[in-house]
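Enquirer: Quick one: the structure is below, and I'll ask about it shortly.
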Amino acid sequence: MTTQQWSYVSGTSERPLIGETIGDMFDRIVASYPNNEALVCRQQGLRYTYAQLHREVERCARALLAIGVRKGERVGIWAPNRAEWTITQFATAKIGAILVNINPAYRVHELEYALRQSGCTMLITAAQFRTSDYTAMLNELIPELSAAESGRLQSERLPDLRIVVRLAPEPVPGMLTWDTFMATAEQVSADELAARQAEQQFDDPINIQYTSGTTGNPKGATLSHHNILNNGYFVAELMNFSDKDRLVIPVPLYHCFGMVMGNLGCVTHGATMIYPSEGFDPLAVLHALQEERATGLFGVPTMFIAELDHPEFARFDLHSLRTGVMAGSPCPVEVMRKVQSLMHMHEVEICYGMTETSPVSTQTRIGAPLEKQVGTVGTVHPHVEVKIVDPVSGQLLPRGEAGELCTRGYSVMLGYWNNEQATRAAIDPAGWMHTGDLATIDAEGYVNIVGRIKDMIIRGGENIYPREIEEFLYRHPKISDVQVIGVPDARYVEEVMAWVKLRPGETADAEEIRAFCKGQIAHYKVPRYIKFVDSFPMTVTGKIQKFLMRQQSIEELQLTSVQTA
């Protein structure tokens, strides 16, 4: 067997990796495109050119120095999509502080874990988001706040935390307002900031992102300047981005999709970042696309489905759109086709990756055959390696065989913050990140994700990949979205269950769905259980939480007593 027949690919590129820090890159781009529109934050009514954004970032960086933030200290940010999020992202990078992204959906227990585990010395927080009262939750977690002098907090439960900055104009006990915080910048000169910035190295840690595990506590993926700067750059480079592009970013900034692929992808090319709303709102996205004459749009599949299904969709002119990325979870082929035709995103691409790999490892390419654009997650990224191995033995598999996808290269995280054991379990001695995803590589190097190792259904000895059944059911004209899971079964060990979301105004029953499957897919793949739903449990980034679907289904179907050993 020749080398070419093994499931291994490496990404070549005429463009070298960027060997500079985020702060230095930002300064260079600002000098090249000072008058380009850099950031449009529609929900706040804010617009910044690159020169204006640079001034705000420099002020924030000097303010961080003024209140004593040292290199390597952790600065948490707990907020939805806002201009201050992005200003903080670039300011912390300039001074070598490590930005800790905190999920806007976190409650008190989860917030406490992230702040304690990362050892945050400072927290920048919104006042509230949707139904979450962040101020009340912080006062519950830190009762000392009410009597604390602003900037001199001493908390029993969070001993590292000294400073809380609140993104609201009205002052509250123990917290600085954003304006008060920014005013401290006058105490630090531009030369002092430049000296601190010059100390940074591109391999330094710059960001901690907590991954949402299905069991146990989240793990803090620690990423460097080099990790995320290059990944954001190459994602946008493969989209043929330039300083003329205008990208709508409805995905959350706390996740790699927003802050790396969105923010860094735009900034490395002098392009425009557009935030349509604090949290995802399909109508706000459609307004932003039309009114900002956007050329690109990011989103997870559920976001694109919500935009396409919106009752007002047809009244919007989306002809300015050219490109974008659908990622975050498996992308249904039928949804991709509609995005290309109805949203005019003829150059839309699919990306695959994970937080621990900064995040993208593979991406579809403009000009690839249609079936490769819509039916795979593309080919390996520049300067990255991918291989498929047997999940049990770890042996490299031949092309076309399904196994665990592993990736190696500049994009692999530095490790999990203060968790050496988890780091060793994820990254092997040869530097390969084990993703936990099942995938194949075809003869031309295209990668296809067939499922998660833990999501694979084993029914009566047959291996069933939920993705295959989902793709088939998407063809049903009444189905808007579908997710397939395995549930315990006394006879077959596991059975197939489909959660089905119908299109607006449609009705159907389980027999109709099963009849659609019969004779078209193998009998053992036809769902035994079908549940009609209006939505799926998911993370704030739009990832479907199949483990929650499974738990709920087991309870509803009273399968808890079934033995699956």
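Enquirer: Which numbered condition trips up residue 246, out of (1) open to solvent by 20 Å² or more (accessible area, probe 1.4 Å); (2) at pLDDT below 95?
Expert: So the condition that residue 246 fails would be (2).
Enquirer: If you don't mind, there's one more thing I want to ask. Which one is farthest from residue 372 (Cα to Cα) among residues in segment 317-339 that are open to solvent by 20 Å² or more (accessible area, probe 1.4 Å) and not basic (Lys, Arg)?
Expert: By that ranking, first place goes to 317.
Enquirer: Can you confirm whether segment 464-484 contains a residue that is within 30 Å of residue 115 (Cα to Cα), in a strand (DSSP E or B) and not acidic (Asp, Glu)?
Expert: No: segment 464-484 contains no residue that is within 30 Å of residue 115 (Cα to Cα), in a strand (DSSP E or B) and not acidic (Asp, Glu).
Enquirer: Starting from residues that are of a type in the set (Lys, Arg) and under 32 Å from the mean Cα position of the chain (by Cα), keep the ones in segment 496-528 and report whichever is least open to solvent (accessible area, probe 1.4 Å).
Expert: 525
Enquirer: Could you tell me whether any residue of segment 46-58 is of a type outside the set (Gly, Ala, Ser) and touching a Ser or Thr at 6+ places or on another chain (Cβ under 6 Å)?
Expert: no
Enquirer: Could you pull out the residue among 228, 163 that is under 30 Å from residue 15 (Cβ atoms) and modelled with pLDDT of 95 or more?
Expert: Unique residue meeting the criteria: 228.
Enquirer: Could you look through segment 449-463, keep only residues that are part of a strand (DSSP E or B) and more than 22 Å from the chain's Cα centre (by Cα), and pick out the one that is surrounded by the most Cβ atoms within 10 Å (Cβ to Cβ)?
Expert: Once the filter is applied, the top-ranked residue is 457.
Enquirer: Can you tell me which residue within segment 145-161, out of those that are open to solvent by 30 Å² or more (accessible area, probe 1.4 Å) and under 12 Å from residue 115 (Cβ atoms), is nearest to the chain's Cα centre (by Cα)?
Expert: The qualifying residue nearest to the chain's Cα centre (by Cα) is 160.
Enquirer: Report every pair of residues separated by at least 6 positions or lying on different chains whose Cβ atoms are under 6 Å apart, first residue within segment 510-526 and touching a residue at least 24 places away in the same chain (Cβ under 8 Å), second assigned to a helix (DSSP H, G or I).
Expert: 521/472; 525/469; 526/514; 526/517
Enquirer: A further question follows. Given (1) within 27 Å of the chain's Cα centre (by Cα); (2) surrounded by 13 or more Cβ atoms within 10 Å (Cβ to Cβ), where does residue 15 come up short, assuming only one miss?
Expert: Of the numbered conditions (1) within 27 Å of the chain's Cα centre (by Cα); (2) surrounded by 13 or more Cβ atoms within 10 Å (Cβ to Cβ), the odd one out for residue 15 is (2).
Enquirer: Consider only pairs whose beta carbons are under 8 Å apart and that are at least six residues apart or on different chains; among these, list those whose first residue lies in segment 35-61 and is touching a residue at least 24 places away in the same chain (Cβ under 8 Å) and farther than 24 Å from residue 186 by Cβ and whose second residue is open to solvent by 40 Å² or more (accessible area, probe 1.4 Å) and in a strand (DSSP E or B).
Expert: Hits for this filter: 37/47; 37/246; 40/46; 40/47; 41/47.
Enquirer: Within segment 425-437, does at least one residue satisfy the condition of being β-branched (Val, Ile, Thr) and either over 22 Å from the mean Cα position of the chain (by Cα) or in a loop (DSSP other than H, G, I, E, B) (or both)?
Expert: Within segment 425-437, none of the residues are β-branched (Val, Ile, Thr) and either over 22 Å from the mean Cα position of the chain (by Cα) or in a loop (DSSP other than H, G, I, E, B) (or both).
Enquirer: Next question. Pick from segment 419-448 the residues that are touching a residue at least 40 places away in the same chain (Cβ under 8 Å) and hydroxyl-bearing (Ser, Thr, Tyr): which of them is least open to solvent (accessible area, probe 1.4 Å)?
Expert: 435
Enquirer: Hey, among 65, 39, which residue is buried (at least 19 other Cβ atoms within 10 Å of the Cβ) and part of a strand (DSSP E or B)?
Expert: Residue meeting the stated conditions: 39.
Enquirer: Let me ask you something else. For the list (1) open to solvent by 30 Å² or more (accessible area, probe 1.4 Å); (2) touching a residue at least 24 places away in the same chain (Cβ under 8 Å); (3) not in a loop (DSSP other than H, G, I, E, B), I need the number of the one condition that residue 361 fails.
Expert: All conditions are met except number (1).
Enquirer: I need every pair where a residue in segment 137-152 that is within 13 Å of residue 176 (Cα to Cα) has its Cβ under 7 Å from the Cβ of a residue that is in a helix (DSSP H, G or I), sequence separation at least 6 or different chains.
Expert: Short answer, once both residue conditions are applied: 145/138; 145/139; 146/139.
The values are calculated or read from the model by the stated rules, or taken from the named source; none is laboratory data. Bear in mind the structure is a predicted one, so any value in this text is a computation, not a measurement. No Cβ is skipped: glycine too gets one built from the backbone with ideal geometry, and neighbour counts run over all protein chains shown. For accessibility, only protein heavy atoms count, side chains too; no ligands or nucleic acids. Shrake-Rupley method; radii C 1.70, N 1.55, O 1.52, S 1.80 Å.
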